[in-house]
Amino acid sequence: MKSLLEIRRDLHRIPELGFQEVKTNAYLLEQIYSLPQERLTIVTWKTGIVVKVEGINATKTIGWRTDIDGLPITEATDLPYKSEHADRMHACGHDVHMTVALGLLRALVDNPINDHVVILFQPAEEGPGGALPMREWLKIDHPELVPNQIFAFHIAPEYPVGTVATRPGLLFANTSELFIDLVGKEGHAAFPHQARDMSVAAATLLLQLQTIVSRSINPMDPAVVTIGKMSSGTVQNIISGQARLEGTIRTMDAQTMSTIKEKIESFCQATEIAFDCHIHIDYGSSYYQVKNEATITNEFLAFAEQDKNTTDILCDAAMTGEDFGYFLQEIPGMLFWAGVDSPFGLHHAKLNPNEAVIDYLVPFVDSYIRKISC
Ligand SMILES: CC(=O)N[C@@H](CCC[C@H](N)C(=O)O)C(=O)O
C-alpha cells in the first residue's frame with residue numbers, strides 16, 4: 001500500500017459523483033489488494049466495496065464506514081494535487097475519510113484484533129444516497145458482513161486537528177432534496193401579456209418558500225429550507241417559459257419534514273393558479289437523521305477524554321445530512337466530527353483539510369477499535 005499522504009492526494013485528484021466512482025473504486029481495490037490477503041474478504045457492490053478483516057477470536061463484528069463520492073464543484077485551490085476532473089471536487093472530505101479507512105484497514109491487517117472488522121466504502125453520500133441500498137444489499141446478499149456496531153467520522157473544518165466532537169442522540173438532521181419545475185409559456189419580451197413568465201413565478205415562489213420556516217414552523221423546532229440553485233430562461237429578450245428551483249429541506253423532527261412538504265405543495269398550487277402554469281415537485285433523495293447510540297457515544301467520548309493527543313467536545317446537533325443515518329437506524333453506533341482546521345467550510349471550492357488529521361486519526365481510531373474489541 002502507498003503512503004497515506006500519497007493515497008489522500010491521489011484520491012483528491014479523481015473525485016467522482018455518486019455511483020460513478022469508477023476510478024475511485026479501482027484505486028481503492030488496488031490499495032486493498034496490495035495488502036496481505038490471508039485475513040481479508042473483499043466484496044464489491046456497484047461502485048462500493050466491503051472488506052472484512054477476520055478477527056483472531058471474534059465475538060462480534062465492528063463496522064467502519066467511509067463515503068467515497070465527490071461533489072459537482074470546480075476546485076478553486078492552487079494545490080499541486082487539485083482535482084483533475086472538471087467540475088468535480090472532494091469538497092466534503094471524503095478523500096480524507098477514505099484514506100483514514102485504508103489506514104485503519106492496514107493497521108488491522110498488520111496487527112489483527114479479536115473481533116471481526118468490516119470496512120464499508122460506500123458510494124453516493126452526497127446524492128442520491130448509497131447507504132440505504134447498500135445496507136439492504138448487505139442484509140440480503142451478505143448477512144455475515146452486517147456489523148453489530150458501526151462507526152464513521154466526518155471532517156470538521158472549524159476545529160483544529162486533534163479535536164473530535166459528537167453527542168449522544170440526534171447529531172444530524174432529516175433531509176430531503178427538493179426539485180421544482182415550473183412550465184409556463186415562452187414569449188417575446190415586449191409582449192408579456194401573451195406569455196406566462198416562469199422567471200417571475202419562480203422568483204415569487206422562492207420568496208414564499210422562505211416564509212415556511214419563519215411563519216409555519218414552531219420556532220423551537222429547528223428547520224431549514226434552502227434553494228441552492230435557480231435557473232430560468234434562455235436570453236435577455238425572451239420571456240422564460242421554464243424555470244427550475246433546486247434545494248434541500250432539513251428538519252430535526254420527521255413530522256416537521258411532512259409539514260414543510262405540505263406547505264411547499266400549497267405554495268406550488270397557489271403559484272400554478274396565480275401564474276397560470278404547471279408545476280412538478282420531485283423530492284429526490286431523502287436521508288434519515290443521524291442518531292448516535294447514547295452508551296456507545298458516551299464511551300467514545302470517555303475514550304477521547306483520556307487520550308492525551310485528543311480534545312473532545314460535546315457538540316450541538318447540526319442541520320447537516322448524512323445517509324450514514326440509515327446504518328444507525330438498524331445498527332447501534334455513532335458518527336463524530338474530526339477537526340481539519342480549514343478556513344473554508346464543507347462544500348467550499350477552496351476547502352483544504354489539514355492533512356495532519358490522517359496521522360492523528362488513524363492511530364486514534366485504531367486504538368479505539370482495539371479497546372472496544374473483546
Ligand atoms: C455532510 C454533508 O455535507 N452532507 C450533505 C448531504 C446531502 C444530502 C442531499 N443531497 C441533500 O442536499 O438533501 C449535506 O448537504 O448536508
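Put simply, the amide H of Ile73, placed in the peptide plane, has neighbours under 5 Å in Arg88, Met89, leaving out anything fewer than 5 places away on its chain. Near Val164: Cβ cut-off under 12 Å, other residues only, Lys/Arg at +1 and Asp/Glu at -1. The net charge is -2.
Summarising the amide proton neighbourhood of Gly63: residues at separation of 5 or more, or on other chains, whose placed amide H is nearer than 5 Å comprise Val118, Asn148, Gln149, Ile150, Phe151. Across the range 65-79, rounded Karplus estimates of 3J(HN,Hα) from the backbone phi angles (6.51 cos²θ - 1.76 cosθ + 1.60, θ = phi - 60°) give 10, 10, 8, 10, 9, x, 10, x, 10, 8, 5, 10, 8, 9, 5 Hz, Gly and Pro being marked x.
Converting phi to 3J(HN,Hα) with the Karplus coefficients 6.51, -1.76 and 1.60 and the offset θ = phi - 60°, the range 108-114 yields 6, 5, 5, 9, x, 10, 5 Hz in sequence order, with x at every glycine or proline. Relative contact order for the chain: 23 percent, from Cα pairs under 8 Å spaced at least 6 residues apart, divided by residue count.
Computed from backbone phi with θ = phi - 60° and the Karplus coefficients 6.51, -1.76 and 1.60, the 3J(HN,Hα) list for the range 237-247 is 10, 10, 5, 6, x, 9, 9, 9, 10, 10, x Hz; x is used for glycine and proline. Among the trypsin sites (Lys or Arg not before Pro) in the range 229-265, none sits in a DSSP loop with a Cβ that has at most 15 other Cβ atoms within 10 Å.
The residues neighbouring Gly325, those whose beta-carbon lies less than 13 Å from its own, together hold a net charge of -2 under the Lys/Arg +1, Asp/Glu -1 convention. With the gyration tensor restricted to C-alpha atoms of the chain, the semi-axes of the equivalent ellipsoid amount to 41, 22, 19 Å, longest first. Between the C-alpha center of the range 14-63 and that of the range 293-372 there is a gap of 21 Å.
Where Lys and Arg each count +1 and Asp and Glu each count -1, what net charge lies around Leu105 among other residues with Cβ under 15 Å from its Cβ? Neighbourhood net charge equals +1. One equal scatterer on each Cα of the range 174-286, no solvent, Debye formula: the resulting log10 I(q)/I(0) at q = 0.21, 0.22, 0.23 Å⁻¹ is -1.05, -1.12, -1.20.
When only alpha carbons are used to place a centre, the range 258-278 and the range 70-87 end up 38 Å from one another.
Coordinate-derived values only; no laboratory data. Please read these numbers as outputs of a predicted model, since none were measured by experiment. Ideal geometry is used to build each Cβ from the backbone, glycine not excepted, and the neighbour counts take in all protein chains shown.
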